[in-house]
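Colleague: Sharing a structure with you now.
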Amino acid sequence: MIKVLFLPEVVDQFLELAEVLYNKGYLGFRDIAIDYAEQLFRDIQVNLPIKVKKNAPNHFERYGQGMFYSLFPRNHHTTWYVFYSVHEVDDQIIYLVRYLANNHTIGHKLSD
């Protein structure tokens, strides 16, 4: 069995994301901003285990050791980077999402 779990601070990032998208005018309606954040959350929850995983650069060790990252493109301008660790507990594989950012904030720290 495979599970995708999120650290509480990452869940907070999703809540903040909707507010930022609306307050900064990236999305004109609060409902649409909330929907965007919820869709991204669900996409990660469902598809992270099947995404190509890359070793995270040393810069991201502040969020955990032995980290990976995967890409979640949303449109032509924005790609989300999901940083996570993978753990095996009994008969479960757990993907623990530790950090979330997009190409506008950290793209320069990664080389794809």
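Colleague: Check whether at least one residue in segment 66-89 is in a strand (DSSP E or B) and out of contact with any strand residue (DSSP E or B) (no Cβ under 8 Å at 6 or more places or on another chain), and report yes or no.
Modeller: Yes, that holds for at least one residue.
Colleague: Inspect all residues belonging to segment 63-78 and state whether any of them is open to solvent by less than 10 Å² (accessible area, probe 1.4 Å) and closer than 15 Å to Gln13 by Cα.
Modeller: no
Colleague: Confirm whether Phe41 is open to solvent by 20 Å² or more (accessible area, probe 1.4 Å), under 11 Å from the mean Cα position of the chain (by Cα), of a type in the set (Phe, Trp, Tyr) and over 18 Å from Thr105 (Cα atoms).
Modeller: Yes; evaluated as a whole, the condition is true for this residue.
Colleague: Right, something else. Might you check whether a residue that is under 18 Å from Lys3 (Cα atoms), aromatic (Phe, Trp, Tyr) and open to solvent by 40 Å² or more (accessible area, probe 1.4 Å) occurs anywhere in segment 86-109?
Modeller: Yes, segment 86-109 contains a residue that is under 18 Å from Lys3 (Cα atoms), aromatic (Phe, Trp, Tyr) and open to solvent by 40 Å² or more (accessible area, probe 1.4 Å).
Colleague: What are the residue pairs meeting all of these: first residue in segment 8-33, first residue in contact (Cβ under 8 Å) with a residue 60 or more places away in the chain, second residue outside any helix (DSSP H, G or I), Cβ atoms under 6 Å, and 6 or more apart or on different chains?
Modeller: So the pair list comes out as Val10/Val97; Val10/Leu100; Gln13/Leu100.
Colleague: What's the total number of residues in segment 51-61 that are open to solvent by 30 Å² or more (accessible area, probe 1.4 Å) and under 16 Å from the mean Cα position of the chain (by Cα)?
Modeller: 7
Colleague: Looking at Leu48, Leu21, which is the one that is in a helix (DSSP H, G or I), more than 18 Å from Val86 (Cα to Cα) and either hydroxyl-bearing (Ser, Thr, Tyr) or open to solvent by less than 50 Å² (accessible area, probe 1.4 Å) (or both)?
Modeller: Within the list Leu48, Leu21, the selection yields Leu21.
Colleague: Here's a follow-up. I need a count of the residues in segment 39-68 that are of a type in the set (Gly, Ala, Ser) and free of Cβ contacts under 8 Å to residues at least 24 places away in the same chain.
Modeller: 1
Colleague: Still on this model: From the set of residues in segment 64-80 that are aromatic (Phe, Trp, Tyr) and within 17 Å of Gln39 (Cα to Cα), which is farthest from the chain's Cα centre (by Cα)?
Modeller: Phe72
The values are calculated or read from the model by the stated rules, or taken from the named source; none is laboratory data. This structure is a prediction, so every number in the text was calculated from the model and none was measured. Here Cβ is always computed from backbone atoms with ideal geometry, including for glycine, and neighbour counts include all displayed protein chains. Just so you know, the surface numbers come from the protein's heavy atoms only, side chains and all, with ligands and any DNA or RNA stripped out. Shrake-Rupley method; radii C 1.70, N 1.55, O 1.52, S 1.80 Å.
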